[in-house]
Amino acid sequence: MKEKKFTTLEAIIETFKTRTLSPEESFSLIVKIEQKIIVDIDALFEGLAGGYIHEIQSKIGYTKNLLHLVIESKGAFDYQRALNSTIPQLEDILTLYHKSGVPTQLEKK
């Protein structure tokens, strides 16, 4: 099966809203977002005048930890509920990206 290529943060968030992904697939996408944040951290810091960086890091950390908990619990933790909790976190990150002026395009490999 060919892996779908996500080109922007918007595309990833839309996928979370409209498709049913496995917890592992979702976690993988969150890691991609986290990697983008790491690459963009200086530009985000500059674009947001130094503010909100901790908020972005906190939101991606929360999302990553929650999905990791779902995976580790092997079904004991409600995945859909966790996913519903992560989408607003991702939307907040996207809003901050837009506010900073940093492109939401993912790195091409």
Per residue Cα convex hull volume for the chain, in cubic angstrom? 96 Å³
Tell me, what is the percent relative contact order of the chain, built from C-alpha pairs under 8 Å that lie six or more residues apart? 40 percent
Please list, ordered by chain and number, the residues whose modelled amide H lies under 5 Å from the amide H of Thr8; skip anything fewer than 5 residues away on the same chain. Leu106
Evaluate E = 1/(1 + (r/R0)^6) for Leu21 and Asp92, where r is the Cβ-Cβ distance and R0 equals 25 Å; express this FRET efficiency to the nearest 0.05. 0.80
In whole Hz and in residue order, list the ³J(HN,Hα) couplings for region 10-21 that follow from phi through the Karplus curve 6.51 cos²θ - 1.76 cosθ + 1.60, θ = phi - 60°; x for Gly and Pro. 4, 5, 5, 4, 4, 5, 4, 7, 10, 10, 9, 9
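Every number in this text was worked out from the coordinates using simple rules, so none of it is lab data. Keep in mind that what you see is a predicted model, and the values were worked out from it rather than measured. Every residue, glycine among them, receives a Cβ derived from its backbone with ideal geometry; neighbour counts consider all protein chains shown.
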